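Worksheet: one structure, shown below.
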Amino acid sequence: MKIVTYNVNGLRPRISQHGSLLKLLDSFDADVICFQETKLRRQELTADIVSAARYQSFFSCSCASDRGRRAGYSGVATFCRVKSAFSSAEAALPAAAAEGFTGVLESSPAVAPGLEEFERDELLRVDCEGRCVVTDHTHFVLFNLYGPRAESDDLERIEFKLKFFKIMQKRWESLLRQGRRVFVVGDLNIAPTSLDRCDAGPDFENNEFRRWFRSMLVDNGGAFFDVFRAKHPDRRDAYTCWPQNTGAEEFNYGTRIDHILCAGSCLHQEQDQKDHSFFTCHVEECDILTQYKRWKPGNTPRWKGGQRIKLEGSDHAPVYTSLRQIPSVPPHNTPSLSCRYIPMVYGVQQTLVSTLMRRQVSKQIKSSYEVSSSSPDGDITLEGCTNREKRAFDQCSLPGVPPANPCSFSSQESEVLISREDMDLGSGNEVSCETSSCLVGACTATTKKKAKKNQWSQLTLKSFFQKSTILSNSIDNEIDTSASRADFVEPSHQSNDPPIGEDQSENINQRDGPNQCDFNSSASTWDQDEVKNCSSEKNTVALMEWQRIQQMMQNSIPLCKGHKEACVARVVKKQGLNFGRRFYVCARAEGPASNPEANCGYFKWAASKSRGK
């Protein structure tokens, strides 16, 4: 069995990156795949996100939006690859599953064993952010976990994180006392030792969360193995997460906060199991899937323009472990938490009677639109049509329209809207009649959704150069019929001139300046030379102004001390005294101080604050 954990930093972008959910899942070739930070709300769980052939999925979504965090900012999901969703003996298909780890989110909420000392409000608060899915695979219980993050100066969030892991530990200890085996996988947002952090200082390991993490490990008297570190005790530069805005992946300047932990006895039946454990007997390998990193050798370095290149992928790398000698389990079905049972994904099950009734109604509607060829005068009868359909037919037969010509509906007249469900014909959206004796059902349903334009609608530049297609009756004989076609005059610009945008087209329409271009909407032709000269003049002015602004910005950017290269400007986004303040830093990717090619650490405040939004 193979288990993978991956902080996807948004499940939708990862699905888009790989082309489909199935391709993303198959790329791991794993039996159990645990995602964190899916960033999905419950109402966003559509079939393309939760459903893939051969996989059963289990989601937990955030329902909290306090402290500026929107609902759906975290979230976890567990995908299990199985051959059958019913009566399966595969260990990959869980026999039970739960959203959250406290039990209060279940349909019949009951506090999970070992958590009776906590208030229900406390348990609900740590479980409502969509940070855990628990799946029971018979041989072991798997916790897919996304640990909370807390800044060093955010006391409220630090308290929440402490409470979160304290309650979580009680849950693990309760299961271990019952003789269960426990797997914990996911982004815990904790780097346990200085070996797991690129820039660890002398007091790095004194952090209370790191001390708690290490106290859970076997080396310090705990019950859990840090599977990766137990398999690779001396490996350095083994990181799973890198800052997104500093380009730190280029120099592998990151941290290891994605973990796989396991605790419990092995599956062997020998009497003497003193030196046996699930880790020593069943864990074969554990490693980081670095091929999923965003930055790869050969990418453009950050200081050579790479900061402008959007790298595909998450800011985390997946971690996997492979297990051996995992036997089959008693046959069981997919637990009720599975997304296969969500009505908005697979719909509500229909009865046979409702299906047959719907077909019968559909046939009756179609028959009401059939053309009656027995009419002596060749007209179409309206027998069986509803009042709405008859009104539509009456409006379709407009006076003054010759029988051989199609009828149309003017925007100034009342529009006839006929839905596809009523018509059950074609796929278009514009209603037109081919003959004067047409029935509504025989009308070609080629409806075309037109934007509702009124006098306040914003116009485009082309609309000012378009020839008038609505001509008065008094000049019908004076204007050639070709003037009814829409011709557009393309303004000429130089090869480096920027195109005129919609905001500039609004300026062209204003008539209060001395150098404006006036266009007569009732005329049939335009003075193209005047249009070209006006457009060229405005393009030249706009280009010169833009070049002046660019030059001013370039002159104001300082050079970093280490490389004598232009810095990049940033803005403080963290709330505080310096919020919104602009500063400059070295443009190179972040890396170790010993590497001269990495960021030199240059920092300088800008002269003035940028305006806060």
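What follows draws every value from the coordinates through simple rules; no lab data is involved. This is a predicted model, so every value here is computed, not measured. Cβ coordinates were reconstructed from backbone atoms using ideal geometry, including for glycine residues, and neighbour counts include every protein chain displayed.
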| Per-residue HN-Hα couplings for segment 247-264, Karplus 6.51 cos²θ - 1.76 cosθ + 1.60 at θ = phi - 60°, whole Hz, x for Gly and Pro? | x, 5, 4, 4, 10, 6, 9, x, 8, 10, 10, 9, 10, 10, 10, 9, 8, x
| field | In order through segment 2-16: 3J(HN,Hα) via Karplus (6.51 cos²θ - 1.76 cosθ + 1.60), integer Hz, x for Gly, Pro | value | 10, 10, 10, 10, 8, 7, 7, 6, x, 6, 4, x, 5, 5, 5
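For segment 177-296, what relative contact order do you get, as a whole percent, if you take Cα pairs closer than 8 Å and at least 6 residues apart? Present the calculation step by step, with values, prior to reporting the outcome.
Numbers: 166 pairs, mean separation 37.2, N = 120.
Taking the mean separation of contacting Cα pairs over the length of segment 177-296, I get 31 percent.
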| Under Karplus coefficients 6.51, -1.76 and 1.60, residue-wise ³J(HN,Hα) of segment 203-217 in Hz, glycine/proline x | 9, 4, 7, 7, 4, 5, 6, 5, 5, 4, 4, 5, 5, 7, 8
| task | Hey, can you grab everything whose amide H is under 5 Å from the amide H of E565? Only 5+ residues off in sequence or another chain; H modelled, so Pro and N-termini drop out. | result | C560
| remark: Lys and Arg at +1, Asp and Glu at -1: neighbours of R177 with Cβ under 12 Å from its Cβ sum to +2
| request: Under 12 Å from the Cβ of G591, count the other residues' Cβ atoms, weight Lys and Arg +1, Asp and Glu -1, and hand me the total. | output: -4
| Which cross-chain or sequence-distant (5 or more) residues have an amide H under 5 Å from the amide H of N7, H modelled 1.01 Å from N in plane? | Q36
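Could you please report the charge total around L145, scoring K, R as +1 and D, E as -1 over all other residues with beta-carbon less than 10 angstrom from its beta-carbon?
Working: positive: R131; negative: D187.
Net of charged neighbours comes to 0.
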